[in-house]
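The next block holds one structure in the form of structure tokens; read it before the comments.
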Amino acid sequence: FNTGLIYDQMIKRPGVMFDLGKFSWIGKAADDTRAVLVSKKSGIKNFDEILASKTPVKFAASGIGSAAYIETRILQNALRLNLQIVPGFDGNEGEMSMLRNEVVAQVGTATSVEQFVKNGNGYFALAISESNALPGVPRAMTYAKDDRAKKLIALVSTLSEIGRLTAGPPGIPAPTLAVLRDAYNKTMQDPAFLAEAKKLVLPIDAAPGDKVEAMIKQALAQPPETIALLKAAAEN
């Protein structure tokens, strides 16, 4: 589930013909800590160098409207970074572009690029989420200089807590939804499942469907000033 849809609904992007608040939320498997991944081939040693760069720093991103693209725009807007966002990278294409030294960095979920870091090809320069998943990595909130920036960074952090989602369409009968949620919760606690997830280096931090539903509605219920900031940050 692409959490970029939550941003799209908030800013009323053309083509959004649904209401996520009405979806049948089944559960959440994990958080999705957002971070800035920097290629070691770039020669950039830390996030301060990106912040101070006089020339545009090339950031890979997936398609326009995706969570990664919008969050790169949010970071650029909030911290006034001199970036050139290059969209259209799917899967691990962004990392491959880093290895070719075509782009410098990208915003993504820490778990999805962790192996790239472990292989010595890059490092986490900034944690956008306010979680403890990346100890020792500077947090974006420490660079936020005003209330506007803090609100934008806080929004990304909130959505990172929602993470890996499972949902059904609106209108699933309550008894059926209860069965689906119960099965999902039992799976998230199953020792064999957890052992397999650990083997695959997939951290599990589950939440039940009713809690996810509340989190989605809370995320969508942003004040007008935050929506205006988000719209400005997400402009193409």
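The values are calculated or read from the model by the stated rules, or taken from the named source; none is laboratory data. Every value quoted in this text rests on a predicted model; they were computed, and no experiment measured them. Note that we place each Cβ from the backbone using ideal geometry, even for glycine, and neighbour counts take in every protein chain shown. Surface areas here come from the heavy atoms of the whole protein model, side chains and all, with no ligands, DNA or RNA. Shrake-Rupley method; radii C 1.70, N 1.55, O 1.52, S 1.80 Å.
Residue count for segment 19-52, restricted to those that are in contact (Cβ under 8 Å) with a residue 40 or more places away in the chain and open to solvent by 40 Å² or more (accessible area, probe 1.4 Å): 8.
Selection over segment 1-42 of residues that are of a type in the set (Lys, Arg) and more than 23 Å from Lys231 (Cβ to Cβ) gives a count of 3. One residue alone among Thr55, Thr72 is of a type in the set (Ser, Thr, Tyr) and open to solvent by less than 20 Å² (accessible area, probe 1.4 Å), and that residue is Thr72.
Scoring Ala206 on the criteria (1) of a type in the set (Gly, Ala, Ser); (2) farther than 14 Å from Ala35 by Cα; (3) at pLDDT 95 or above leaves a single failure, condition (3).
Being in contact with a strand residue (DSSP E or B) (Cβ under 9 Å, 6 or more places away or on another chain), among the β-branched types (Val, Ile, Thr) and either farther than 18 Å from Thr109 by Cα or modelled with pLDDT under 95 (or both) narrows it down to one of Thr187, Thr226, so name that one.
Thr187
In segment 162-181, the residue that is modelled with the lowest pLDDT out of those that are surrounded by 14 or more Cβ atoms within 10 Å (Cβ to Cβ) and assigned to a helix (DSSP H, G or I) is Ile162.
Listed by first and then second residue, the pairs with beta-carbon distance under 6 Å, at least 6 apart or on different chains, first residue in segment 101-114 and under 17 Å from Ser53 (Cβ atoms), second open to solvent by 30 Å² or more (accessible area, probe 1.4 Å) and polar (S, T, N, Q), are Val104/Ser42.
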